[in-house]
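> Sharing a structure below in structure tokens format, with a few things to ask.
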Amino acid sequence: MDWYMMNCELLATCSALGYLEGEVYHREPDCLESVKDLIRYLRHEDETRDIRQQLGAAQILQNDLLPILVQYPQDKVLFDAVIRLMVNLTQPALLCFGKVPSDATSRHHFLQVLSYLQAYKEAFASEKVFGVLSEKLYDLLQLDWEQRQDEDMLLIERILLLVRNVLHIPPDPTEEQGVDGDASVHDRVLWALHMSGMDDLLKFLASAQVEQQWALHVLEIISLMFRDQSAEELAALGQGQAAAEHGEDIQELETLRQRELAEKRARALQRPSRHSRFGGSYVLQGLKAIGDRDVIFHKGLHNLKSYSHDMGKETRRVPRRRQAAPETETPRRSARNVRLFLRCFCQDFLESCYNRLMLLVKDQLVREKAQQHDETYYLWATAFFMAFNRRRGFRPELVSETVSVRAFHFIEQNLTTYYEMALMDKKEAATWARRMHLALKAYQELLRTVQEMDRSPEQAVRDSSQVIKSNIFYLMEYRELFLTLFRKFDETKQPRSFLRDLVETAHLFLRMLERFCQGRSSLVVQSKRVRKKKKKPRAPAAIAPQPPSTAELEELWAGLVPQLQACLQGEVPLPEDVVPFDAASETPVEEQRTEALLQIQGCLRGARAPQALRLLRSARDIWPEGDVFGTPDTGPPEEMQLLREILFAPLPGHAPPKTEELEEDEEEEEEEEEETVQVSEKEFNFLDYLKRFACAPVVRALVVLLRGYARNSPHTNHCAARLLHRLARDLHMEALLFQLSLFTLFHRLLNDPAAGAYQELVALAKFILGKFFALAATNKKAFVELLFWKSPLAIREMTEGYGSLQDGEGAGRSRVPPWTPQQEQELRELYWKYKEVEGEDIIATILAHLPAPGRTRRQVVKQLVRLGLASSAKDFPRERKGTRIVLWTPEQEEELTRLFEEFQGSEDVLGNIMRHLTARRSRARVVEKLLGLGLVSERKELYKKRRRKGHVPVPGAAGTPALPAQDSSAEDSDGEEEDEDGDEAEEGPMDEHWTPEEGAGQGLAHRLHQEGLAGPLQWLENCLRRTAEDRQVDGVSHPVPLVPLSEENEDAMEDRRFWALLRQLGLRPPSNEQESFWRIPAAITPQQLRRMATSIAHHHHSPPGSPQGPLEPPRCPQDPAPAEQLPARLGSGSDSESGASPCPHCCSEEPVPVPNPARPGTKRQREFDSEDEDDGSLGMELAPAAPRSWEDEDKDEDLQPRGRRKRVRRLEEEEEEEG
């Protein structure tokens, strides 16, 4: 909608609302429809909130909506619509824009909306408006729960939201610049709310049992009511003004009076100058100018104290990112009548509502029924009302809900969460810091309440406080909380008010803990220690051991021959505990086969002939394919020859399996660490705990707080001075405070005319300065130490003498033994000796020849750099694992080029190259090299060329001869051609009208049964029978997908041997990449399906050609059996559209109690089959000859493994695609 057209329509709509004549508002007949149109317009406003701005500029709420609300409350429909519109118009600007915009244009719109909201708030400061809202809310609350309609519940919520929105509007600082005690707009709104009786309704909602769903709304409104208030001032309001307000005013006036008197005395001592312009020139001896001469001062002597080298310099601008965080809320004292009303509200709320409301809110927060960050209202209420109760007669029963160990835990947990989020979410760090401040104030008030409970005259209350203190002092999290907050304090993200509360809370915690320890001879606390267990470091890479020569191997073999002959003749027993295969290991089977060869070779070279022979025979039983370990009928002479070949074979060294990506990204000399938390108990020592605060971050934070000592309260200055006093006197670490920034603060404090008001700080300053000058008399470097923040170890060296620390002391002590001069000389000699040797790692060579063992590669490299023999550690790069395999020799590149030219026209170029390549490499490496040599321009050229859709003769069909296995088995697809789900789609689907002959697939089914696929065969049989019954009953045939729901059946559906059986039976594979499942074609009749199921069932118990007749085909597990019903173990199906649904019973894959022998190989073996397995015989008539050979299969770990298909989820998509 165009901008100008929108203005016209808005103007017409607003004009149709009505008009105000004096104090009476006359509504138009289309008033209700106009209000609904305005709601509709607001729903479609743009990101600049143009509709909201235009309505605010026209003052629709002040001139139309509020008069309609006041004069027509009896029109329920109109009243409801006006409330809806006002809730929308008064929603916070932050909610409209998401956050405070950063660009100038958006920020202008934001401030414009905010100004309109502030005008709305002033209009709501009317007793008539809140009187109408209160009466309507009262009438709604009078209705019983059964009588309330949904519209009534919505209206209650909208009225509460409207009150919340009005109270949430921030004040305008340019308009409200009055002194404390004046009535602001917020005060006038609160007074109108009070005079209308809305506050009583809020207390009723907080206390009524049937209105608990409004708990969070009520708590949010109450928090906004007391936004600018101080609980201590409200509590002290009725106890006499002189006790609180008047006392603070007198103290401030006294401080200002002392400053004024000091300035008068200073002016009286100044000599009057007869000639103000020519006061003379002076030389300041001992104060150097820019050069070597003394400073020449051209002003009067009375200005000498204010002289500084910085005079006349331009003030350096502080970058925005380094500016101190602003205060979120400035304290303000409201009008006295408003504060009296709020004090009475607090008293009534504590007595009748607090415990119940906080219980409901806590329950909703724990059960996550509230909105995000609603826990901040809970934290505010905890701090505010507990502070009010503590200062107003302290009755612990009024706040019993939030005085418990659970409350401590809840607040500590939220405080830790906010702290962690402030560190991670850098952009919103200020927001998280405000939430952290709320949690800290709640935690502080809990501690103050527990401290107040110690002073209670009731013994039960004192016992409860002891229980709470024993729990919070026992746990380590509560003791470490303040240290963590001090160390991570950032004045650019957290305001000074946060630091003030942190110092006061830490002071209170330390005082309570100290008193708790004084009353006990010993205190046992929990201690958590994080142990970083380093994994066993890699042994220093020494010189690679040279393989034994041929002569040495011949000599070794001559000694092994008698032992092997004795073992082959049975004279020496073979060990039984030698196993070359671990079924539970994550190492792939092919790698375990390679490791078995290495184990046999290791046993032979270690002269352990019985173990080598046992490993050979065991490996032959596990890996019979490929004749790697010999054939099953291998005799003793062949075993002797095979062992000799293994002994002399140049096998690669043993290396732990690791992907190439990790090998290439492996950081040099990084030792992995495992962190384990050990929880134990220990005896607590308060001084040891206090030493944790003796660090630079704590002192730095205290200095930042004391810079504003004139603005701080006396209690804040006392807490900061007491913490510094603990560090200096109790720990005897005065030197920790020898810092120039702190001394600058002391200088300003001692020269302050009002220093008499800060006697505690002045005493601390004089004590620290006296200790410093006493130390400076003996240690002239103390003046230089002022420039640095110090640690306890630096303090010890500074006071006891530099170099006083013994070896092994200090936090920076190293476990690395120092290098002696002799070792350094040996290192130099070895470096110069092996520096020019090519083809070897010089560091590994040096480590192998160092006389002193225990040195690591990193230590040697660092020492070489320290001795100046190398510029940096980069001069000694570590040889990456696998680089010798990745690099291509010129001969290998020529071989790859020749193979590519030879198989360039074949259907599977990459597969043929992989089969004939001499050096075994991954497919990814071969593809990269082909691209690098320029033989192919893109990877698609290496994809296997698939046959297009058409009629494919199926082996075993009538008139079709049995084809070789490569035609009957499923084609292998290259890993590069896999779709996003890792599924392989078979091209060339079979003809829908092809029907199998009776007995098709018997031989292959029998073979699969023997290889351990009895369960999937039974599942397939059940699917065929159930589909036949459904088609016979319904009379309609649809393609039925085979959806495996168990892992065993999923594995079978990914096995190419099982695919061959499905093809022989006439089932259709996925026709395109949109399908994932095999299907039973619609053209197959129920009779043919039963014959197919019978042909599979024949071989469950007898092989083909057995004299036994065919057994009765097993029933579907869902069919009622004559004797008993089989127990159902899995009864889930899959729904689909267009009638193409899997069998609801047989697809549930109920197992039949058929023995399931162990299958050779693993799922990884079956997944990474390559085209080489097609060389086996899997035709129509499979000879029971030698088992299939898996030797030539390409087991490449660089291929992406197939993800498990989400079959049930994708079933409906496939059927929709077919439809």
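The values are calculated or read from the model by the stated rules, or taken from the named source; none is laboratory data. For clarity, every value in this text was computed on a predicted model and none was experimentally measured. Cβ coordinates were reconstructed from backbone atoms using ideal geometry, including for glycine residues, and neighbour counts include every protein chain displayed. Side chains included, ligands, DNA and RNA excluded: accessible areas come from the protein's heavy atoms. Shrake-Rupley method; radii C 1.70, N 1.55, O 1.52, S 1.80 Å.
> Every residue in the range 15-53 that is in contact (Cβ under 8 Å) with a residue 24 or more places away in the chain and open to solvent by less than 20 Å² (accessible area, probe 1.4 Å), please.
Leu17, Gly18, Tyr25, Cys31, Val35, Leu38, Ile39, Leu42, Asp50, Ile51, Arg52
> May I pose another question? Restricting to the range 588-622, what's the tally of residues that are open to solvent by less than 50 Å² (accessible area, probe 1.4 Å), without any contact (Cβ under 8 Å) to a residue 40 or more places away in the chain and either of a type in the set (Asp, Glu) or in a loop (DSSP other than H, G, I, E, B) (or both)?
Counting residues in the range 588-622 that are open to solvent by less than 50 Å² (accessible area, probe 1.4 Å), without any contact (Cβ under 8 Å) to a residue 40 or more places away in the chain and either of a type in the set (Asp, Glu) or in a loop (DSSP other than H, G, I, E, B) (or both) gives 1.
> Restricting the range 1076-1093 to residues that are part of a loop (DSSP other than H, G, I, E, B) and buried (at least 19 other Cβ atoms within 10 Å of the Cβ), which is modelled with the lowest pLDDT?
Top of the filtered list is Ser1076.
> Select, from Leu398, Leu438, the only residue that is surrounded by 17 or more Cβ atoms within 10 Å (Cβ to Cβ), farther than 20 Å from Lys493 by Cα and of a type in the set (A, V, I, L, M, F, W, C).
One residue alone meets the criteria, Leu398.
Condition check ((1) exposed (fewer than 15 other Cβ atoms within 10 Å of the Cβ); (2) within 26 Å of Ala183 (Cβ to Cβ); (3) over 27 Å from the mean Cα position of the chain (by Cα)) across all residues:
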residue: Arg321; (1), (2), (3): yes, no, no
residue: Ala324; (1), (2), (3): yes, no, yes
residue: Tyr354; (1), (2), (3): no, no, yes
residue: Phe384; (1), (2), (3): no, yes, yes
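> Something else now. Consider Leu340 against the criteria (1) at pLDDT 75 or above; (2) open to solvent by less than 90 Å² (accessible area, probe 1.4 Å); (3) over 30 Å from Arg392 (Cα atoms); (4) not acidic (Asp, Glu): it satisfies all of them except one. Which criterion is unmet?
Leu340 satisfies every listed condition except (3).
> In the range 479-487, is there at least one residue being of a type in the set (Lys, Arg), open to solvent by 50 Å² or more (accessible area, probe 1.4 Å) and within 20 Å of the chain's Cα centre (by Cα)?
no
> Give the residues of the range 623-639 that are of a type outside the set (Asp, Glu), under 26 Å from Ala558 (Cβ atoms) and open to solvent by 30 Å² or more (accessible area, probe 1.4 Å), sorted by residue number.
Our first condition is that a residue be of a type outside the set (Asp, Glu); within the range 623-639, this holds for 623-624, 626, 628-632, 634-637.
This time we only want the ones that are under 26 Å from Ala558 (Cβ atoms), so: 628-630, 634-637.
Residues satisfying the conditions are Val628, Pro636, Pro637.
> Look through Thr505, Thr492 and report the one residue that is open to solvent by 20 Å² or more (accessible area, probe 1.4 Å) and among the β-branched types (Val, Ile, Thr).
The match here is Thr492.
> Hey, another quick one. Of the residues that sit in the range 249-292 and are of a type in the set (S, T, N, Q), exposed (fewer than 10 other Cβ atoms within 10 Å of the Cβ) and modelled with pLDDT of 70 or more, which one is nearest to the chain's Cα centre (by Cα)? Steps first, please.
Residues of the range 249-292 of a type in the set (S, T, N, Q): 251, 255, 258, 270, 273, 276, 281, 285.
Pick out the ones that are also exposed (fewer than 10 other Cβ atoms within 10 Å of the Cβ) and you get 276, 281, 285.
Checking which are modelled with pLDDT of 70 or more leaves us with 281, 285.
Working: Ser281: 68, Gln285: 63 Å.
Taking the candidates together, the pick is Gln285.
> So Pro853 clears everything in (1) at pLDDT below 85; (2) open to solvent by 90 Å² or more (accessible area, probe 1.4 Å); (3) within 30 Å of Ala774 (Cα to Cα) except one condition, right? Which one?
All conditions are met except number (3).
> Within the range 736-773, work out how many residues are part of a helix (DSSP H, G or I) and either under 24 Å from Leu690 (Cβ atoms) or touching a Leu at 6+ places or on another chain (Cβ under 7 Å) (or both).
Qualifying residue count, the range 736-773: 24.
> What residue, among those in the range 900-914 that are assigned to a helix (DSSP H, G or I) and free of Cβ contacts under 8 Å to residues at least 40 places away in the same chain, is nearest to Tyr943 (Cα to Cα)?
Ranking the qualifying residues of the range 900-914, first place goes to Val909.
> Quickly run through the range 198-235 and pick out the residues that are β-branched (Val, Ile, Thr) and touching a helix residue (DSSP H, G or I) at 6+ places or on another chain (Cβ under 8 Å).
Result: Val218, Ile221, Ile222.
> Looking only at residues in the range 326-337 that are within 43 Å of the chain's Cα centre (by Cα) and either of a type in the set (D, E, K, R) or modelled with pLDDT of 90 or more (or both), which one is most open to solvent (accessible area, probe 1.4 Å)?
For the range 326-337, the residue satisfying everything is Glu329.
> Need a quick list: helices (runs of 4 or more DSSP H) entirely within the range 172-233 having at least 3 residues that are in contact with a Lys or Arg (Cβ under 8 Å, 6 or more places away or on another chain).
Of the helices (runs of 4 or more DSSP H) lying wholly inside the range 172-233, those with at least 3 residues that are in contact with a Lys or Arg (Cβ under 8 Å, 6 or more places away or on another chain) span 185-195, 215-225.
> Right, another one. Taking the condition hydroxyl-bearing (Ser, Thr, Tyr), assigned to a loop (DSSP other than H, G, I, E, B), at pLDDT 90 or above and surrounded by 13 or more Cβ atoms within 10 Å (Cβ to Cβ), does Tyr709 pass?
Numbers: hydroxyl-bearing (Ser, Thr, Tyr): yes; assigned to a loop (DSSP other than H, G, I, E, B): yes; at pLDDT 90 or above: yes; surrounded by 13 or more Cβ atoms within 10 Å (Cβ to Cβ): yes.
Yes: the conditions hold for Tyr709.
> Related question: Looking at Arg107, Arg27, Arg49, which is the one that is charged (D, E, K, R) and under 24 Å from Leu133 (Cβ atoms)?
Of the residues listed, the single one that is charged (D, E, K, R) and under 24 Å from Leu133 (Cβ atoms) is Arg27.
> Do we have Ala649 as surrounded by fewer than 16 Cβ atoms within 10 Å (Cβ to Cβ) and under 14 Å from Cys567 (Cβ atoms) here?
Numbers: surrounded by fewer than 16 Cβ atoms within 10 Å (Cβ to Cβ): yes; under 14 Å from Cys567 (Cβ atoms): no.
Spelling it out, it is not the case that Ala649 is surrounded by fewer than 16 Cβ atoms within 10 Å (Cβ to Cβ) and under 14 Å from Cys567 (Cβ atoms).
> Specify which of the listed residues (Val295, Val361) is over 29 Å from Asp490 (Cα atoms), open to solvent by less than 40 Å² (accessible area, probe 1.4 Å) and under 40 Å from the mean Cα position of the chain (by Cα).
Val361
> Name the residue that is least open to solvent (accessible area, probe 1.4 Å), counting only residues in the range 1001-1043 that are acidic (Asp, Glu) and farther than 15 Å from Ala1093 by Cβ.
Within the range 1001-1043, the match that is least open to solvent (accessible area, probe 1.4 Å) is Glu1011.
> Still on this model: Count, please, the residues in the range 195-232 that happen to be open to solvent by 60 Å² or more (accessible area, probe 1.4 Å) and over 18 Å from Met153 (Cβ atoms).
Count: 2.
> So the check is Cβ under 7 Å with 6+ separation or different chains; which pairs have a first residue in the range 121-144 that's more than 15 Å from Asp200 (Cα to Cα) and a second one that's basic (Lys, Arg)?
Pairs that qualify, where the first residue is more than 15 Å from Asp200 (Cα to Cα) and the partner is basic (Lys, Arg), are Ala125/Arg188.
> What number of residues within the range 816-841 are at pLDDT 85 or above, surrounded by 11 or more Cβ atoms within 10 Å (Cβ to Cβ) and of a type in the set (Val, Ile, Thr)?
Looking only at that region, the number is 0.
> In addition: Is there a residue being in a helix (DSSP H, G or I) and within 20 Å of Leu55 (Cβ to Cβ) anywhere in the range 131-154?
Quick first cut of the range 131-154, residues in a helix (DSSP H, G or I) only: 131-142, 150-154.
Restricting the remaining residues to those that are within 20 Å of Leu55 (Cβ to Cβ) gives none.
Within the range 131-154 (the criterion being in a helix (DSSP H, G or I) and within 20 Å of Leu55 (Cβ to Cβ)), the answer is no, since none of the residues qualifies.
> Of all residues in the range 781-802, how many are open to solvent by 100 Å² or more (accessible area, probe 1.4 Å) and either at pLDDT 90 or above or within 16 Å of Leu740 (Cβ to Cβ) (or both)?
Adding up the residues that qualify gives 4.
> OK, next. Need at least 2 residues that are touching a helix residue (DSSP H, G or I) at 6+ places or on another chain (Cβ under 6 Å), in contact (Cβ under 8 Å) with a residue 40 or more places away in the chain and aliphatic (A, V, I, L, M) per element, so show me which helices (runs of 4 or more DSSP H) inside the range 395-512 make the cut, counting only ones lying wholly within it.
405-424, 429-454, 459-474
> To continue, here is another question. Has the range 736-746 got at least one residue that is farther than 16 Å from Leu786 by Cβ and out of contact with any Asp or Glu (no Cβ under 6 Å at 6 or more places or on another chain)?
No - not one qualifying residue is present in the range 736-746.
> Before we move on, is Leu360 modelled with pLDDT of 90 or more and farther than 23 Å from Arg448 by Cβ?
Yes.
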